[in-house]
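Report on one structure; see the data block that follows.
The values are calculated or read from the model by the stated rules, or taken from the named source; none is laboratory data. Here the structure is a predicted model, which means the values were calculated and not measured. Note that each Cβ is placed from the backbone with ideal geometry, even for glycine, and that neighbours are counted across all protein chains shown.
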Amino acid sequence: MALEASISNLTTISDLISEFGTRLAEAEFKFEPLQQAHSNFCFCSEDTTGVIRKIEYDSSTNSFIGFSTPITDGIPSVRHFQANAFEDLKMLYDTNEMARLLNVHMFQRIPTEDNPKIFPKPCLLSAYGTDNRFTSIDILRRWIYIFQSFLNQGVRIIGFSTDADNKYMSVMRLGNPPHLITKWRNRLLSSTANLCYGNDKISIKHIENLIDNTNYTKLVHGLIMSDINPKDRQNYHSCIKLISDDVLNLLKSDANANGTFAYLALLKMIMKAYVDRSTNVLERISPFLN
């Protein structure tokens, strides 16, 4: 059903936005609204969509929008295309490509425990024309910049989401989780690696001492010598035995094994976060909430 005059025209909407000081310039990241956030946690997203190529003049910033915005260390340049004379405008057209894509950044606050059923609306963080020629390193640097800027406003980003573009997937990519764990364990087994945690030494000798200690039987720690000297370096099961609660508790009680305890405790966190399917979402992100 069409209701005449029920929605303001674009000019009126633009004037209202300007009146409240919320106008967004191309490539500008608006972090100030975060100060009014009712939640200290949020989730960010980034996506690119196709647009009709055209150039428009933004009188509020005296700049032209619609060109492919230059990217420096992952950050788009704000008010890059400004011209004070016709010759300057002609130079912009001759030396720059009109953007065929629009890169959009959004964020949404996470509901609080006080209002778990009230979902805050997503907000626009930034938008700019692009030619999609930036690299995965550019994306990573941009996300680090966004994360730190949010943190400066007292808001912590708990994650970024995007589509399946190869560049974005490269930023978020992890190796095969079981392989990551065995690789971490194999570093501990290396005879040439000299690992330390502060002033504490990380050594497989501490595990050997547990196995050789006559006060402990296999029923106590569940280990055998082949677990620390496996013929198959990709043996995932032996990794799980090394990070059992029994082994960690015994290492924790040994003042000389603080480094090895910290190393294996971190390995267990990796396993719970990336391999153990029984780990719920809150457990996965809880270390970042403290």
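From the set of residues in the range 127-169 that are among the polar types (S, T, N, Q) and in contact with a helix residue (DSSP H, G or I) (Cβ under 8 Å, 6 or more places away or on another chain), which is nearest to Arg100 (Cα to Cα)? Within the range 127-169, the match that is nearest to Arg100 (Cα to Cα) is Thr135. Applying the criterion of at least 3 residues that are of a type in the set (Asp, Glu), farther than 25 Å from Ser39 by Cβ and assigned by TED's automatic domain parsing to the domain that holds Ile52 to the helices (runs of 4 or more DSSP H) found wholly in the range 78-173 leaves 86-95. Confirm whether Val78 is closer than 14 Å to Asp47 by Cα and surrounded by fewer than 17 Cβ atoms within 10 Å (Cβ to Cβ). It is false that Val78 is closer than 14 Å to Asp47 by Cα and surrounded by fewer than 17 Cβ atoms within 10 Å (Cβ to Cβ). Within the option set Asp138, Asp114, being of a type in the set (Asp, Glu) and surrounded by 13 or more Cβ atoms within 10 Å (Cβ to Cβ) holds for one residue only, Asp138. For the range 228-250, residues that are outside any loop (DSSP other than H, G, I, E, B), in contact (Cβ under 8 Å) with a residue 40 or more places away in the chain and closer than 22 Å to Asn209 by Cβ total 5. Please work out if Arg284 is among the basic types (Lys, Arg), surrounded by fewer than 18 Cβ atoms within 10 Å (Cβ to Cβ) and either at pLDDT 90 or above or in a helix (DSSP H, G or I) (or both). Judged against the criteria, Arg284 is a match.
Taken together, the criteria exclude His206 from residues that are loosely packed, with under 14 Cβ neighbours inside 10 Å and either touching a Gly at 6+ places or on another chain (Cβ under 9 Å) or modelled with pLDDT under 90 (or both).
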